[in-house]
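Single-structure report; data block below.
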Amino acid sequence: MHVKMSLPEPIIVRPDGNITVFGLNNHFSSAMPNKLVSVVAPDEYQHTIRKVNKVLDEKLFLNIKMLLGSCICFCCTLGLSMCAPIVVNQRTKYRVQHILEEENKRIV
């Protein structure tokens, strides 16, 4: 007999920043969503959001500078100059994902 385990529905925290580059926003609100009130302590949630926002603050503006520089050199490099901001963006996404995975392990 196969037992089908159902996973809890994911809770989505929407960004509230005003800059988005390659799908990454620059800020998440420290206000805790109602669905998380009984799941995680407010202090732990705010600690995690501060960590994520710190990474986004550091890397997003670097990505913007690289994107602008890459746009200037786009024709001369036949588009290869766009690889640098894409790599920075992927590394930033990976870093945020790693922070969230570590926080989930720590909290559970």
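No lab work stands behind these numbers, since they all come straight from the coordinates. Every value quoted in this text rests on a predicted model; they were computed, and no experiment measured them. Neighbour counts run over all protein chains shown; Cβ positions are idealised from the backbone, glycine included.
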Helix 42-72 versus the longest principal axis of the chain: what is the Cα-based angle in degrees, 0 to 90, to the nearest 10? 20 degrees
Taking the alpha-carbon centroid of each part, what is the distance from region 48-108 to region 1-40 in angstrom? 19 Å
I'd like the orientation of helix 83-107 relative to the chain: the angle between its Cα long axis and the longest Cα principal axis, in ° from 0 to 90, rounded to 10. 10 degrees
Let me check the size of region 22-81 from its C-alpha atoms; what are the radius of gyration and Dmax in Å? 17.4, 55
Determine by what factor the alpha-carbon radius of gyration of region 9-53 differs from 2.2 N^0.38 Å, reporting the quotient. 1.20
Too long for a 18 Å Cα-Cα cut-off, among K54/K105; K59/K93; K59/K105; K51/K93, are K54/K105; K59/K105
Cβ density ranking, 10 Å radius, fewest first, applied to S29, S6, S70 yields S6, S29, S70
Among residues other than A31 whose Cβ falls under 12 Å from its Cβ, what is the net charge (Lys/Arg +1, Asp/Glu -1)? 0
Can you report the principal axis dimensions of the chain using only the alpha carbons, biggest first, rounded to whole angstrom? 58, 40, 21
How compact and how long is region 54-108, expressed as Rg and Dmax of its alpha-carbon atoms in Å? 14.7, 51
